[in-house]
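The values are calculated or read from the model by the stated rules, or taken from the named source; none is laboratory data. Being a predicted model, the structure only gives us computed values, none of them experimental. Heads up, the Cβs are rebuilt from the backbone with ideal geometry, glycines too, and the neighbour counts pull from every protein chain shown. Accessible surface areas use protein heavy atoms only, side chains included; no ligands, DNA or RNA. Shrake-Rupley method; radii C 1.70, N 1.55, O 1.52, S 1.80 Å.
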Amino acid sequence: MNLIIQGGRIYDSKNNVNGDVRDLFIKDGMIVDGFAGNAEKIIDAGGKAVMAGGIDIHSHIGTYGLNVMRGTYGFYSPWEIGYTYAKMGYTHVNEPFMTQLTASSVHHELSSIPILDTSSFLVLNLRDIEGRIKTTKYIEEVETILGVIMAKTKAIGLKIYEPFVRYAQRMFIMRNVKAQKVLNLLSGLRMESFPRIIMHTSPDLLKEEIENPENFHFSHVGSAMDNEDAYQKILEYISRGASVDLGLFDFAKNLKVLNSKETQGELCGSVDMGLLEPLLFSHSKTPETEAPFLALNLALSEPFKSISFSTDSPTNASFKAYPEIFAWLMKAENREGLFQRELPAFEYSLFDISRITRQNPAGVLGLCNKGHLGVGAEADIAVYDINEETKAHELKDRLSECAFLIKGGEVVIEDHKILNDQPEKKTYYRGIGASDDEAAKILARYSTLRFGNLTVEDVFTAKEIQV
C-alpha cells in the first residue's frame, strides 16, 4: 500500500527531528522519500504528534509460568496484551526471561499475541559452561558457544540472571565460580562480534566491580537502587558508557516476577526454569525503600542517550501504567505529592519520550530499521492527539489511546479504533557468525538439555527476522 501521513509534527530523536511539520511516505511497508502516482490512503495528522512505533525493551509478556497466573491471578490474556500496547502506540515488545529449557514455549506464547513484533533475551545457565568461565583463556570458545546458543534459541540478546555458579557443597566443593570471575570474562567479550550483555540488576550485583561497563546493559536499575551507594554506582557505570533501562514504579499492587531474595507479599506461584533457584510470582505493593524515588530521580537527571524506559512490567508497574508514568515525566505538576523528597524539576518533551521509548531500546536490541522515521525504516508509526496546547491532566488519556497506528505499512488503528489486529508479525533474533555446532556440542556433555533440542523451530515463531 502507498500511504501518506500528512502534516503531522514529527518527533524522531535518532534523526534529530523535533516537532517539524512533515509528510511521511510509506511504500511496501517501509518509509520512503516519495513515490510516483497517487497514494491509496492519506492520513491527516495535522495538529498531532507523530513518532515511530514504541519499543518496550523489558516486559514479561511471555515468561514461562504466566499462563498459570492468568488462571489464578488474572494476568493479561495475549489478546489484551496486544491491544493495550497497540493503543499506546507500541509495535514491538521484548521478553526479558527466556531460558534454554523454556525457549520454544516462550516463542509460542509471544507468537499468540496479536499485532506486536517480538524478541527475547536468553537467560543463560552458567553451570553449562562453568569449566570455561573460570579463566579468560577460553574467551574465544565462550564467544562461539554463546553465539550458537542464541541463534538456535532465536534470542536477540544474552542476559545474565545469576552472575555466579553454585553447587550443593556436599557434592561439588571446588566447582563454584565467583561472580567477579564471571564478570571479568564477560567484560572481555569482543563487542564487534557479540551484542551488549544484559545484566539482571540487583543490589548484590552493584556491590561487585565491573570492568568495561560499556559492554553491558543494566536492566530495571530502579529495582536495585535501594540506597545512595547503589545509585552512585549506576551513575558511575553510565558515565563509563553503560546503558540502562529504568525500572520505574507506580504505587499499585502488582504481580511480581522475582527471585527468593526479592520476593515480597503474597507468594502465588513458583516455576523451575533450570536455574539455581525457581522464579517466583507474588502480589505486593511498591516496596517502602528508597528505590522508587531514586529510579524516578535518575529518569529526571541523566543523559537520555544511555536510558531506555521500563518498569520491569508487571513487577514494578504494569505496562498499563505507562501513560500515567509518561505524564509524570512530562509535567512536574503530575508528579506532585508522589514523594516527600523533592524531585528534579525537569520535564520531558515529546522528543525526549521518543528517545527513551523508541531510539534507545532499538539501539540496545540492534533493530537498525526500527525506532526512527528516517528513509529505510520500517513503517511502524504512531500518531497521537497531542500538541503544544495539550494540558498536563490530558496527557495520560492521550497517550493511552493513539489516534492512528501503522504497523509494517498496514493501518492497525484509525480514529482511535482498532480496525486490523492481524498485521504481519515478526520474531527478531540475532544470528552471530557461522553456526559452529561442534563448539556448541560442548554443552551436551554436561547439560541436562540435549544439543539437538536447543533449536526453536519456526512453527513456534512468527516470521523470523535475523538482525
Query raised in the report: In whole percent, what relative contact order does the chain give with Cα contacts below 8 Å and a gap of six or more residues?
Result: 22
**Report entry** Estimated inter-spin distance, Gln422 and Asp23, nm [label 7 Å along Cα→Cβ]
**Finding:** 3.2
Report task. Kindly report the accessible area of the stretch 38-107 per residue (heavy atoms of protein chains, probe 1.4 Å, no ligands, DNA or RNA), in Å². Result -> 30
Query raised in the report: Can you give me the Cα centroid spacing of the stretch 64-120 and the stretch 290-322 in angstrom?
Result: 21
Query raised in the report: Can you give me the pair-distance distribution of the stretch 1-129, C-alpha pairs, 5 Å bins, whole percents?
Result: 2, 9, 15, 16, 15, 12, 10, 9, 7, 3, 1, 0
Query - Heavy atoms of Met69 accessible to a 1.4 Å probe, total area in Å² rounded to 10 - result: 0
Query raised in the report: For the Cα atoms of the chain, what angle does the longest principal axis make with the long axis of helix 228-239, in degrees from 0 to 90, nearest 10?
Result: 70
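Going down the list Lys159/Lys320; Lys178/Lys370; Lys14/Lys285, which pairs span over 30 Å between their C-alpha atoms?
Pairs exceeding the cut-off: Lys178/Lys370; Lys14/Lys285.
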Report summary line: Helix-only [θ] at 222 nm, the chain, -39500 (n - 2.57) per DSSP H run of 4+, per residue, nearest 500, equals -6000 deg cm²/dmol
Query raised in the report: Expressed as a whole percentage, what fraction of the accessible surface of the stretch 64-138 belongs to carbon and sulfur atoms when a 1.4 Å probe is rolled over the protein heavy atoms?
Result: 51
**Report entry** Rounded accessible area per residue of the stretch 314-374, 1.4 Å, Å²
**Finding:** 37
**Report entry** Set of aspartates and glutamates with alpha-carbon distance to Lys253 below 15 Å, sequence-local pairs under 8 removed
**Finding:** Glu266, Glu288, Asp312
**Report entry** 16 Å reach of a label modelled at Ile465, 7 Å along Cα-to-Cβ, counting backbone N of the stretch 389-416
**Finding:** 406-412
Report summary line: In nanometres, the difference between 0.36 nm per residue of separation and the alpha-carbon distance of Asp33 and Val375 is 122.5 nm
Query raised in the report: Using the alpha-carbon atoms, what tilt in degrees (0 to 90, nearest 10) does helix 139-152 show relative to the longest principal axis of the chain?
Result: 50
Query raised in the report: What does the accessible area of Tyr64 come to, in Å² to the nearest 10, when a probe of 1.4 Å is used?
Result: 100
Query raised in the report: If amide H atoms are built 1.01 Å from N in the plane of the peptide, which residues on other chains or at least 5 residues away come under 5 Å of the amide H of Cys268?
Result: Phe281, Ser282, His283
Query - Förster-model FRET efficiency, 22 Å R0, Lys207 and Ala332, C-beta, rounded to 0.05 - result: 0.05
**Report entry** DSSP bridge orientation in the chain - percent antiparallel, rounded to nearest 5
**Finding:** 50
Query raised in the report: Contour minus end-to-end for Phe251 and Asp415, with contour as 0.36 nm per residue of separation and end-to-end as the Cα-Cα distance?
Result: 55.9 nm
Query raised in the report: Can you pull the Rg over Rh of the stretch 227-348, Cα-only, Kirkwood?
Result: 0.99
Report task. Could you check the simple spin-label distance between Lys178 and Asp272, using points 7 Å along Cα→Cβ, in nm with one decimal? Result -> 3.1
Report summary line: Longest principal axis of the chain (C-alpha) makes with the long axis of helix 78-87 (C-alpha) an angle, in degrees to the nearest 10, of 50
Report task. Any chance you could run the full-extension gain for Glu214 through Ser284? It's 0.36 nm times the residue separation minus the Cα-Cα distance, nm to one decimal. Result -> 21.8 nm
Query raised in the report: How much of the accessible area of the stretch 166-312, probe 1.4 Å, is carbon plus sulfur, in whole percent?
Result: 50
Requested in this report: Could you sort 144-154, 409-419 so that the peptide with the highest average Cβ count within 10 Å comes first and the rest follow in order?
Outcome: 144-154, 409-419
Query raised in the report: In what order, largest first, do Lys159, Lys178, Lys396, Lys331 sit by accessible area if the probe radius is 1.4 Å?
Result: Lys178, Lys396, Lys331, Lys159
Requested in this report: For a label point 7 Å from the Cα of Thr84 along Cα→C-beta, name the residues of the stretch 289-312 whose backbone N is under 18 Å from it.
Outcome: 309-312
Query - Spin-label pair Lys41/Asn67, simplified geometry with 7 Å Cα→Cβ offset, distance in nm - result: 3.4
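Just to make sure I understand: if all protein chains stay in place, what is the order of Trp328, Trp79 by accessible area at 1.4 Å, largest first?
Highest to lowest solvent-accessible surface, that is Trp79, Trp328.
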